[in-house]
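The values are calculated or read from the model by the stated rules, or taken from the named source; none is laboratory data. The shown structure was predicted, so the numbers you read here are calculated from the model rather than taken from an experiment. Here Cβ is always computed from backbone atoms with ideal geometry, including for glycine, and neighbour counts include all displayed protein chains. Just so you know, the surface numbers come from the protein's heavy atoms only, side chains and all, with ligands and any DNA or RNA stripped out. Shrake-Rupley method; radii C 1.70, N 1.55, O 1.52, S 1.80 Å.
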Amino acid sequence: MGAGEDAVAVYELKNRLVVGIASSALFDLAEADAVFRDHGEEAYRAYQEEHLDDTLDKGVAFPFIRRLLSLNDLSPDDPLVEVIILSRNDPDTGLRVMRSIQSYSLPISRAIFMQGRSPYHFMPALNMSLFLSANEDDVREAVALGLPAGRVLGPAVADEGDDQDLRIAFDFDGVLADDASEQVYRAGGIEGFRSHETTNAATPHDPGPLRDFLAGVNRLQRREEEQRAQDADYEIRVHVSLVTARAAPAHERPVRSLKNWGVTVNDAFFLGGIDKSTIMEVLRPHIFFDDQVGHLTGTARSTPSVHIPFGKLNEPDRSAPDEAHR
């Protein structure tokens, strides 16, 4: 037993919203990764040691994580949100990550460093409902095991300090729901899809990889409503949107499915093929989850975007190069 361990109470995670994040999603590691790729691990170690006190630039998921953690002010003594670093760095090279976290005053104190190995295996033990990384292999392997993981895409977007809201947007099929209807569309085309969804409008979909994460976000929203009931001046910060390529008459089944699962969204966009990026530029979510890279190619230019490589649609696509090893 280490010094002081006998005085520390067990920290339970089961009633908190727990998010795991790789340093490659939280920070911009392009320069360090280039050293790793071009010169190897020892050069990477030396580089990180030399730059230990240089704060890393913010990465794709930084605005989302900062705002998510800020909601702990609703319960200072019993945090609602826990963010844990899951990293392929070893403890030595991970020091720069932890110092950067401290420099930005992010309340992240827990981390797992795995020295080049995939850390996602610890997600169930840590009650995580989401893991974000820039490492495509790690994310695909996690999703293949039924774990809720996503790969961040695109450049980091400016983190506007005067905007305290947290706006989260989800695609539906292959993200909140399974991909069964997507498979119907691939097999039978748009008319077969519409007929199938109309016939099964009252039958809830099976949940997809991020249903439980949405449920956790909804718990935060309920806590906000409680706060507003106590303080009329409190301004709601968390807003959740559904942004899907579906259109009427295929809109009804997602709405009924959400209700059946006991989860909610504030807004719903049934776009019927309209480019999602045009909506994102107005909606300005701090994170958007979709299972199709084709949709995210456009959104990632202005919106922190996350690919959920779930379902048949994503099974054969293993050709994209991995841009971040850490």
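Listed values, structure above:
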| read-out | value |
| --- | --- |
| Some residue of region 136-150 being modelled with pLDDT of 95 or more, in a strand (DSSP E or B), touching a strand residue (DSSP E or B) at 6+ places or on another chain (Cβ under 9 Å) and under 16 Å from PRO304 (Cα atoms) | yes |
| Condition check for LYS14: exposed (fewer than 11 other Cβ atoms within 10 Å of the Cβ), touching a residue at least 24 places away in the same chain (Cβ under 8 Å) and under 25 Å from LEU220 (Cα atoms) | yes |
| ALA43, sole failed condition from (1) of a type in the set (A, V, I, L, M, F, W, C); (2) surrounded by fewer than 17 Cβ atoms within 10 Å (Cβ to Cβ); (3) touching a residue at least 60 places away in the same chain (Cβ under 8 Å) | (3) |
| Residue satisfying condition, being touching a helix residue (DSSP H, G or I) at 6+ places or on another chain (Cβ under 6 Å) and part of a helix (DSSP H, G or I), within set GLN183, GLN102 | GLN183 |
| Top-ranked residue of region 171-205 - restricted to ones that are over 14 Å from PHE310 (Cα atoms) and of a type in the set (Phe, Trp, Tyr), ranked as farthest from the chain's Cα centre (by Cα) | PHE193 |
| Matching residues in region 9-63 - criterion: being in a helix (DSSP H, G or I) and of a type in the set (Phe, Trp, Tyr) | PHE36, TYR44, TYR47, PHE62 |
| Region 17-40, subset over 18 Å from the mean Cα position of the chain (by Cα), open to solvent by less than 80 Å² (accessible area, probe 1.4 Å) and not hydrophobic (A, V, I, L, M, F, W, C), residue modelled with the highest pLDDT | GLY40 |
| Count of region 281-309 residues which are open to solvent by less than 50 Å² (accessible area, probe 1.4 Å) and within 21 Å of ASP138 (Cα to Cα) | 14 |
| Members of region 261-273 found to be open to solvent by 60 Å² or more (accessible area, probe 1.4 Å) and modelled with pLDDT under 95, listed by number | GLY273 |
| Index of the failed condition, ASP57 passing every other in (1) open to solvent by less than 80 Å² (accessible area, probe 1.4 Å); (2) touching a Phe, Trp or Tyr at 6+ places or on another chain (Cβ under 7 Å) | (1) |
| Within region 172-225, considering residues that are among the aliphatic types (A, V, I, L, M) and at pLDDT 95 or above, the one most open to solvent (accessible area, probe 1.4 Å) | ALA215 |
| Check on ALA268, aliphatic (A, V, I, L, M), in a strand (DSSP E or B), more than 17 Å from the chain's Cα centre (by Cα) and over 25 Å from PRO155 (Cα atoms) | yes |
| Count - residues of region 122-144 that are open to solvent by 20 Å² or more (accessible area, probe 1.4 Å) and either free of Cβ contacts under 8 Å to residues at least 12 places away in the same chain or among the charged types (D, E, K, R) (or both) | 5 |
| Enumeration of residues in region 95-114 that are polar (S, T, N, Q), more than 23 Å from ASP78 (Cα to Cα) and open to solvent by 50 Å² or more (accessible area, probe 1.4 Å) | SER103 |
